[in-house]
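Engineer: First the structure, which I've put down as structure tokens, then a few questions once you've had a look.
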Amino acid sequence: MSAYSRLVSLLLCGLLLLTISIAVLNTLVPLWLSHEQLPTWQVGLVSSSYFTGNLVGTLLAGGLIKSIGFNRSYYLSCIIFAVATAGLALSMSFWTWVTARFVAGIGCALIWVVVESALLRSGTVKNRGQLLAAYMIMYYIGTVAGQLLVGTVPTAIFSVLPWVTALIVIAMLPLLLTHIEDQDSEQPRHAVMPMFRRRNARLGINGCIISGIVLGSLYGLMPLFLTHQGMSDANVGYWMALLVSAGIIGQWPVGRLADRYGRLMVLRIQIFCVILGSIAMLSGYAMAPTLFILGCAGFTLYPVAMSWACEKVSADELVAMNQALLMSYTIGSLAGPTMTAMLMQSYSDRLLFVMIAVVSLVYLVMLMRKADHTHNPVAAA
């Protein structure tokens, strides 16, 4: 029986449309603010407010799903995201945008938890890996499509917001054609916080935090860095598309290598490549291969770290661990743009890559100290 049921296909279709919208906004919001002459630290705080909303949404998602079910939670999440996006047109005030992006972050996090949890519930221990791989690939395809749209359509704020908001509303339609069964009341529920205390899963959790710092900084501040290099909005979109395309290309081979040679070795290689890519950007070498290396290593870090942590828990703890990992990633995504933007404002735009290299080096030290790699998963993914 195929892992890609009707429910899975419809979930992924809706996710694709939402991801396109998210990618367009994540690239253009910093550019719009920059064009309005806002200082770099304020641009960073607007990016961080979105990730703060992600964190709040992750915490609220479990209770919301339990109260109104998967389908209604999905519809409500899309409505929240659409309203917050349309709200950007009200004013160019700094606090208006901080608030709107915070609310948008809540909506997006609710969507991710609903979709990820539904995929986990619809799968088995034999095909769950296929479902999560399809989820990541669809997410990155939508991200690339969004970056390419930035390079081909008018990027003025009042040109973009109407069709992006409409796309979010259209993304609600696929789930009108199916129903996600609510959680069985007899199914054991596990708290999220104890997952953080799992010593054998700590490297996976730390990897998700580092992944959040790296990707949050790249998403939120790379467009600003490229703009300050004198590039047009269209060129920024193309370079961001290259970065994310590398992540798509790397998903399948990195996953296979992790299965064959162990996740510890692959994590070490990935982090080493992120450090090399950051140094190359600082040195001013060819940007195309450098961004490809950064994208291939950085965008595949989260699923490998997630797989490490999920191997350490039993099958009925997978959803709680998944929430813990998403929270870890979100915390990193929140801290990364905030700290990096302040450093860029005070010193130089080059601090973007110094920050990425330093936090990656810290994680590499953790990985090198892990001598005993055991590959005996409790719950097969």
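No value in this document is a laboratory result; all are computed from the given coordinates. Everything numeric in this text was worked out from a predicted model, so none of it was measured. When we count neighbours, we look across all protein chains shown, and the Cβ atoms used for this are built from the backbone with ideal geometry, even at glycine.
Engineer: What percent do you get for the relative contact order of the range 33-150 when only Cα pairs under 8 Å and 6+ apart count?
Structural biologist: 32 percent
Engineer: Under unit Cβ charges (Lys, Arg +1; Asp, Glu -1), what dipole magnitude, rounded to 20 debye, does the chain have relative to its Cα centre?
Structural biologist: Here the size comes out at about 780 debye.
Engineer: Work out, step by step, the length gained on full extension between LEU176 and MET287: first 0.36 nm times the residue separation, then minus their alpha carbon distance; give nm to one decimal.
Structural biologist: Taking LEU176 through MET287 to full extension adds about 35.6 nm, to one decimal.
Engineer: A further question on this structure: Tell me, which longest segment in the chain has none of the trypsin sites (Lys or Arg not before Pro) that fall in DSSP loops with at most 13 further Cβ atoms within 10 Å?
Structural biologist: The longest such stretch corresponds to 190-369.
Engineer: Subtract the Cα-Cα distance of SER232 and SER93 from 0.36 nm times their separation in residues, and report this length gain in nm to one decimal.
Structural biologist: Going from the current span to full extension adds 47.7 nm.
Engineer: What list of ³J(HN,Hα) values in whole Hz, one per residue of the range 84-95 in order, does the Karplus curve 6.51 cos²θ - 1.76 cosθ + 1.60 (θ = phi - 60°) give from phi, with Gly and Pro shown as x?
Structural biologist: In residue order, the calculated couplings are 5, 5, 4, x, 5, 7, 5, 6, 8, 4, 4, 6 Hz.
Engineer: From the Cα gyration tensor of the range 127-283, with a ≥ b ≥ c the square roots of its eigenvalues, which class applies: rounded if a/c is under 1.5, or else prolate if a/b is larger than b/c, or else oblate?
Structural biologist: Because a/c hits 1.5 or more and a/b fails to exceed b/c, the range 127-283 counts as oblate.
Engineer: Continuing with the same structure: DSSP loop (so not H, G, I, E, B), at most 14 other Cβ within 10 Å: list which chymotrypsin sites (Phe, Trp or Tyr not before Pro) in the range 208-291 pass both filters.
Structural biologist: Of the chymotrypsin sites (Phe, Trp or Tyr not before Pro), the ones in loops of the range 208-291 whose Cβ has at most 14 other Cβ atoms within 10 Å are TYR285.
Engineer: Could you give me the ³J(HN,Hα) list for the range 270-276, computed from phi with Karplus coefficients 6.51, -1.76, 1.60 and θ = phi - 60°, whole Hz, x at Gly and Pro?
Structural biologist: Listing the rounded values in order: 4, 5, 4, 5, 4, 5, 4 Hz.
Engineer: Calculate one ³J(HN,Hα) per residue across the range 6-23 by plugging θ = phi - 60° into the Karplus curve 6.51 cos²θ - 1.76 cosθ + 1.60, and present them in order as whole Hz with x for glycine and proline.
Structural biologist: 4, 4, 4, 4, 5, 4, 5, 5, x, 4, 4, 5, 5, 5, 4, 4, 4, 5
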